[in-house]
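Q: Okay, here's the structure, questions in a sec.
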Amino acid sequence: MSGPDRSLVIVAGGRSRRLGRNKPLVEIGGRTVLSRILEATADIADVVLAVREVPPFRRALAAQGWESGAERAGRPRGSVALRHPKGRALRVVPDPVPDLGPLAGVASGLAAADGAICVVLAGDLPFVTPHLVDRLSRELASVAESDALDAPDAVVPRARGRAQPLCAAYRRDVGRLAARLVARGGARGDSSPSSSPSMMSFLERLRVRYVTTEDLAGAGDLETMVRGVDSRADLDWAVRRASRPDGFPFEPHTP
């Protein structure tokens, strides 16, 4: 599945308080986490990067060869359109309401995406593979086609003892619900974590198909792929993991 059928949404709007550095731009094994995600998803032509602040990501992407692209009407204010010389399109969009958590990034990312199915990934996942991305999006598409009346809104892995909503596939139209939840949280004027709309509260309102390691057999080590670099300990683990012979479990190629 490629082209207009699906999009990639990378959620990268956090402040990285625990790590103290912009997580997607941290280098692991000689590549930034963002570069690794873009390489793992190179078959998806339409990319949305949802961030808190646009300039750092624009600079980082420019250094990787991304050039200014044509802006389209209706895109969020402050967003930036980029294009890779090989034709891949990427839009960097700001969160609609800062500091309301990852759901704000999901809302802005889905709103800016073109594909009917969107693979949503946290911006701190260095070991996602093309196989996992394909399996999640194909799983959602195939279930939707076989049971259109009661089709799921999302396919979400369960790993590391919990659901992983930021390594999952969603129908783009559920972004409207995400936007309503974010707007409701923003209207309260309180951006504390306890009052921000959560990803789990979002999932509770969707028809979700949960999948496990067994369901995704052959896609790779799910426990590794859903682990982000949220802390110094996570970063140390990722650097050690990347130094292994199988630390980059596919042949990287130009995005």
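Nothing in this text is a laboratory measurement; each read-out follows from the coordinates by a stated rule. Every value quoted in this text rests on a predicted model; they were computed, and no experiment measured them. Reconstructed Cβ throughout: ideal geometry from the backbone, glycine too, with neighbour counts over all protein chains shown.
Q: Can you put 66, 237 in order, fewest other beta carbons within 10 Å first?
A: Placing the least packed residue first, the sequence is 237, 66.
Q: Taking 0.36 nm per intervening residue step and subtracting the Cα-Cα distance, what contour gain separates residue 246 from residue 232 on full extension?
A: Additional length available on full extension: 2.8 nm.
Q: Another question about this same structure. Determine the gain in length on full extension of the stretch residue 83-residue 68; use 0.36 nm per residue of separation and subtract their C-alpha separation, reporting nm with one decimal.
A: 4.8 nm
Q: Which whole-percent values make up P(r) of the range 17-107 when all C-alpha to C-alpha distances are grouped in 5 Å steps starting at zero?
A: 3, 13, 23, 26, 21, 11, 3, 0
Q: Okay, next question. Which whole-number percent gives the relative contact order of the chain, counting Cα pairs below 8 Å spaced six or more residues apart?
A: 25 percent.
Q: Full extension from residue 184 to residue 239: what is 0.36 nm times the residue separation minus their Cα-Cα distance, to one decimal in nm?
A: Here the answer is 15.9 nm.
Q: Sticking to Cα atoms, compute the Rg of the range 3-242 to one decimal and its Dmax as the biggest Cα-Cα distance, whole number, in Å.
A: Final numbers for Rg and Dmax: 16.7, 47 Å.
Q: A further question follows. Antiparallel DSSP bridges in the chain: what percent, to the nearest 5? If you can, show how the numbers build up before the last one.
A: On the way: 17 of 38 bridges.
Close to 45 percent.
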